[in-house]
Amino acid sequence: MPTIRPARIRDIPAVTDIYNEAGVGTTASYALQPVTVADRQAWFERLTADEYPVLVMEDSDGLIVGYASYSQFRPLDGYRHTVEHSVYIREGRRDAGAGRMLMTALIDYARGRGVHVMVGVIDGANDASITFHERLGFEVVSRLPQVGRKFGRWLDVVFVTRIFEGNHPG
């Protein structure tokens, strides 16, 4: 039975591997260069210092199969109730429901911490991810044509949002 829990420093090598395969090796992110464990550790420490979640899913053998996180959408105070999320799943585990379980946990976490809007930024050609988000209550709100470039081609970005009604902090 898989377990979702807060990430720990010891999980960072697995998180780094997953990010480099899924984020750098595909258009799930427009990062062009692999990151190091030190890079991901700095990212982890920055998020957790600001009390943002980094959740991992661990299978029954102790293998980290994916992770999810969010942080403030933009670095201005007026955006403090809006977050942008990421979810990455290890190759070979993407059709096993791990993404849905991690996103559901992340959504519950956000709802419980007064987040008003969660934003996702998706490669415009990734219909599976767009549908995945729509099934989780996200709405496609915009498409920015040809704003990214990776693998020798121009890429569109689709923004999806989920508004948490009732989360209206002061």
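The values are calculated or read from the model by the stated rules, or taken from the named source; none is laboratory data. Quantities reported herein were computed from a predicted structural model and do not represent experimental measurements. Heads up, the Cβs are rebuilt from the backbone with ideal geometry, glycines too, and the neighbour counts pull from every protein chain shown.
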Take the residues of segment 100-125 that are among the aliphatic types (A, V, I, L, M) and under 30 Å from Trp154 (Cα atoms): which is surrounded by the fewest Cβ atoms within 10 Å (Cβ to Cβ)?
Ala125
Take Leu136 and tell me if it is surrounded by fewer than 18 Cβ atoms within 10 Å (Cβ to Cβ) and under 23 Å from Thr3 (Cα atoms).
yes
Extreme residue, modelled with the lowest pLDDT, among residues of segment 79-93 that are under 22 Å from Thr16 (Cα atoms) and surrounded by fewer than 16 Cβ atoms within 10 Å (Cβ to Cβ)
Gly92
Report, ordered by the first and then the second residue, all pairs with beta carbons closer than 9 Å, sequence separation of six or more or different chains, a first member in segment 75-86 that is more than 17 Å from Arg113 (Cα to Cα), and a second member that is of a type in the set (A, V, I, L, M) and modelled with pLDDT of 95 or more.
Ser86/Ala68; Ser86/Val121
Restricting attention to segment 142-170, report how many residues are surrounded by fewer than 16 Cβ atoms within 10 Å (Cβ to Cβ), hydrophobic (A, V, I, L, M, F, W, C) and either closer than 29 Å to Ala96 by Cβ or under 18 Å from the mean Cα position of the chain (by Cα) (or both).
2
Leu63 fails exactly one of (1) out of contact with any strand residue (DSSP E or B) (no Cβ under 6 Å at 6 or more places or on another chain); (2) among the aliphatic types (A, V, I, L, M); (3) surrounded by 13 or more Cβ atoms within 10 Å (Cβ to Cβ), namely (3)
Restricting attention to segment 40-58, does a residue exist that is closer than 22 Å to Ser129 by Cβ and over 16 Å from the mean Cα position of the chain (by Cα)?
no
Condition broken by Val24, with the remaining ones in (1) more than 24 Å from Val158 (Cβ to Cβ); (2) without any contact (Cβ under 8 Å) to a residue 12 or more places away in the chain satisfied:
(1)
Which of the residues spanning segment 24-70 are farther than 18 Å from Glu84 by Cβ, among the β-branched types (Val, Ile, Thr) and part of a helix (DSSP H, G or I)?
Val24, Val37
Search segment 1-23 for residues being hydrophobic (A, V, I, L, M, F, W, C), part of a helix (DSSP H, G or I) and more than 14 Å from the chain's Cα centre (by Cα), and hand back the single one that is surrounded by the fewest Cβ atoms within 10 Å (Cβ to Cβ).
Ile9
